[in-house]
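Encoded as structure tokens, the structure appears first; notes follow it.
The values are calculated or read from the model by the stated rules, or taken from the named source; none is laboratory data. Note that the coordinates shown come from a computational prediction; the quantities given were computed from them, not determined experimentally. Please note: Cβ atoms are built from the backbone with ideal geometry, for glycine as well, and neighbour counts cover all protein chains shown.
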Amino acid sequence: MDLAGKNVVYLGGFGGIGQKVCAELLERQLKALAVFDLAPNDQLMGAWQAKYPNTEIFYQKVDITQKPELEAAYKAAAARLQHFDLVVNGMGLMNDHFVELTIQINLLGLINSSLLALEHMDQTKGGRGGLVVNISSVAGLQPTPLMSIYSAAKHGVTAFTRGLADPAYYAHTGVAFITICPGFTDTPLLADMLDKTTFSFETPMKKIIPKVKRQPPEVCARNMVKVIEQGQNGGVWKLDVGEMEELDMPVMWKPVLQD
């Protein structure tokens with residue numbers, strides 16, 4: 001996708017990776033950037049607006065666990081922008097002590113947001129098509145026992161996004177879906193990680209975590225924008241240790257049809 005002149009909605013744009021991705025996107029001469037997040041960041045918004053005066057940049061309050069708030073935010077942004085070209089679902093929580101909230105934020109909220117974005121972008125409903133990018137994780141590729149609940153939610157994100165990327169859906173709606181799976185990235189999401197695991201007792205896995213190589217959020221953000229620019233519908237991308245790789249997802253099952 002050529003991002004110049006495009007309208008972008010970013011959910012979680014004030015977060016660790018999200019903030020860096022928004023900064024990268026703004027360098028592409030966007031027409032507009034709508035940041036959906038739980039709380040405002042007036043200082044950051046002011047800095048962006050001053051640096052990019054030709055881009056309309058605004059904030060919409062969203063608690064992603066509340067579907068009516070999501071609906072209201074999309075409605076308000078659509079009234080202001082008329083259409084969306086790119087939606088990025090980047091809100092996340094990593095804390096297995098909060099089971100329901102982990103599922104609500106990482107999976108259910110993302111599903112609701114994706115379907116609402118589709119309502120506005122679907123070319124059969126007056127939209128212009130476009131791209132929805134959903135942020136999963138390497139924990140959505142490989143089961144992560146230390147964070148089993150978080151991992152389950154992220155596996156759901158990967159499966160859901162791949163499902164909506166079915167070629168028949170894309171041909172109908174004109175909306176592409178891409179899954180991005182960052183590896184360990186040095187953001188507040190990983191703070192006190194060993195205090196947020198599924199179980200509190202000691203295991204050999206806990207000794208490995210401090211040794212896992214992390215990537216700077218700026219590097220992850222640059223690679224993420226590259227994926228947005230060059231990725232195709234249905235792509236699943238791993239962004240880890242500063243490298244980007246499109247994954248060839250194996251087919252684990254095919255239905256057996258009756259004669």
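Name the residue, out of Leu110, Leu86, that is closer than 28 Å to Met193 by Cα and in contact with a strand residue (DSSP E or B) (Cβ under 6 Å, 6 or more places away or on another chain).
On inspection, the qualifying residue turns out to be Leu110.
Could you list, in sequence order, the residues of the stretch 44-68 that are surrounded by fewer than 18 Cβ atoms within 10 Å (Cβ to Cβ), within 22 Å of the chain's Cα centre (by Cα) and part of a helix (DSSP H, G or I)?
Leu44, Met45, Lys67, Pro68
This table checks each residue for (1) on the phi > 0 side of the Ramachandran plot; (2) in contact with a strand residue (DSSP E or B) (Cβ under 6 Å, 6 or more places away or on another chain); (3) crowded, with 16+ Cβ neighbours inside 10 Å; (4) of a type in the set (Ser, Thr, Tyr).
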site	(1), (2), (3), (4)
Gln142	no, no, no, no
Phe160	no, no, yes, no
Gly163	no, no, no, no
His172	no, no, no, no
Ile180	no, yes, yes, no
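Please verify whether Val99 is crowded, with 19+ Cβ neighbours inside 10 Å and of a type outside the set (Phe, Trp, Tyr), treating the condition exactly as stated.
no
Which members of the stretch 177-217 meet the condition of being in contact with a His (Cβ under 9 Å, 6 or more places away or on another chain) and not polar (S, T, N, Q)?
Residues satisfying the conditions are Asp195, Lys196.
Residue by residue, here is whether (1) farther than 23 Å from Thr102 by Cα; (2) of a type in the set (A, V, I, L, M); (3) in contact (Cβ under 8 Å) with a residue 40 or more places away in the chain; (4) assigned to a loop (DSSP other than H, G, I, E, B) holds:
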{"position": "Ile180", "(1), (2), (3), (4)": "no, yes, yes, no"}
{"position": "Thr198", "(1), (2), (3), (4)": "no, no, yes, yes"}
{"position": "Met205", "(1), (2), (3), (4)": "no, yes, yes, no"}
{"position": "Lys213", "(1), (2), (3), (4)": "yes, no, no, yes"}
{"position": "Val219", "(1), (2), (3), (4)": "yes, yes, no, no"}
{"position": "Ile228", "(1), (2), (3), (4)": "yes, yes, yes, no"}
{"position": "Met249", "(1), (2), (3), (4)": "yes, yes, yes, yes"}
{"position": "Lys254", "(1), (2), (3), (4)": "yes, no, no, yes"}
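Residues that are under 15 Å from the mean Cα position of the chain (by Cα) and either surrounded by fewer than 20 Cβ atoms within 10 Å (Cβ to Cβ) or among the hydrophobic types (A, V, I, L, M, F, W, C) (or both): does the stretch 192-208 have at least one?
There is no residue in the stretch 192-208 that is under 15 Å from the mean Cα position of the chain (by Cα) and either surrounded by fewer than 20 Cβ atoms within 10 Å (Cβ to Cβ) or among the hydrophobic types (A, V, I, L, M, F, W, C) (or both).
Inside the stretch 221-239, can you point out the residues that are surrounded by fewer than 21 Cβ atoms within 10 Å (Cβ to Cβ), more than 18 Å from Gly174 (Cα to Cα) and out of contact with any Leu (no Cβ under 9 Å at 6 or more places or on another chain)?
If the condition is that a residue be surrounded by fewer than 21 Cβ atoms within 10 Å (Cβ to Cβ), more than 18 Å from Gly174 (Cα to Cα) and out of contact with any Leu (no Cβ under 9 Å at 6 or more places or on another chain), then Arg222, Lys226 are the ones that fit.
Would a scan of the stretch 8-25 turn up a residue that is part of a helix (DSSP H, G or I), within 20 Å of Ala79 (Cβ to Cβ), at pLDDT 95 or above and out of contact with any Lys or Arg (no Cβ under 9 Å at 6 or more places or on another chain)?
no
For the stretch 30-40, state whether one or more residues are more than 21 Å from Ser113 (Cα to Cα) and either in contact (Cβ under 8 Å) with a residue 60 or more places away in the chain or over 21 Å from the mean Cα position of the chain (by Cα) (or both).
no
Could you tell me whether Gly156 is surrounded by fewer than 19 Cβ atoms within 10 Å (Cβ to Cβ) and within 16 Å of the chain's Cα centre (by Cα)?
yes
If the requirement is being in contact with a Ser or Thr (Cβ under 6 Å, 6 or more places away or on another chain) and either part of a loop (DSSP other than H, G, I, E, B) or in contact (Cβ under 8 Å) with a residue 40 or more places away in the chain (or both), which of these qualifies: Leu93, Leu107? Before the answer, list the steps.
Values: Leu107 fails: in contact with a Ser or Thr (Cβ under 6 Å, 6 or more places away or on another chain).
Result: Leu93 is the single residue among Leu93, Leu107 that is in contact with a Ser or Thr (Cβ under 6 Å, 6 or more places away or on another chain) and either part of a loop (DSSP other than H, G, I, E, B) or in contact (Cβ under 8 Å) with a residue 40 or more places away in the chain (or both).
Of all residues in the stretch 122-150, which are assigned to a helix (DSSP H, G or I) and either in contact with a helix residue (DSSP H, G or I) (Cβ under 7 Å, 6 or more places away or on another chain) or among the basic types (Lys, Arg) (or both)?
In the first step, residues of the stretch 122-150 are kept if they are assigned to a helix (DSSP H, G or I); the result is 123-125, 138-140, 145-150.
Those that are assigned to a helix (DSSP H, G or I) and either in contact with a helix residue (DSSP H, G or I) (Cβ under 7 Å, 6 or more places away or on another chain) or among the basic types (Lys, Arg) (or both): Gln123, Thr124, Lys125, Ala139, Gly140, Pro145, Leu146, Met147, Ile149, Tyr150.
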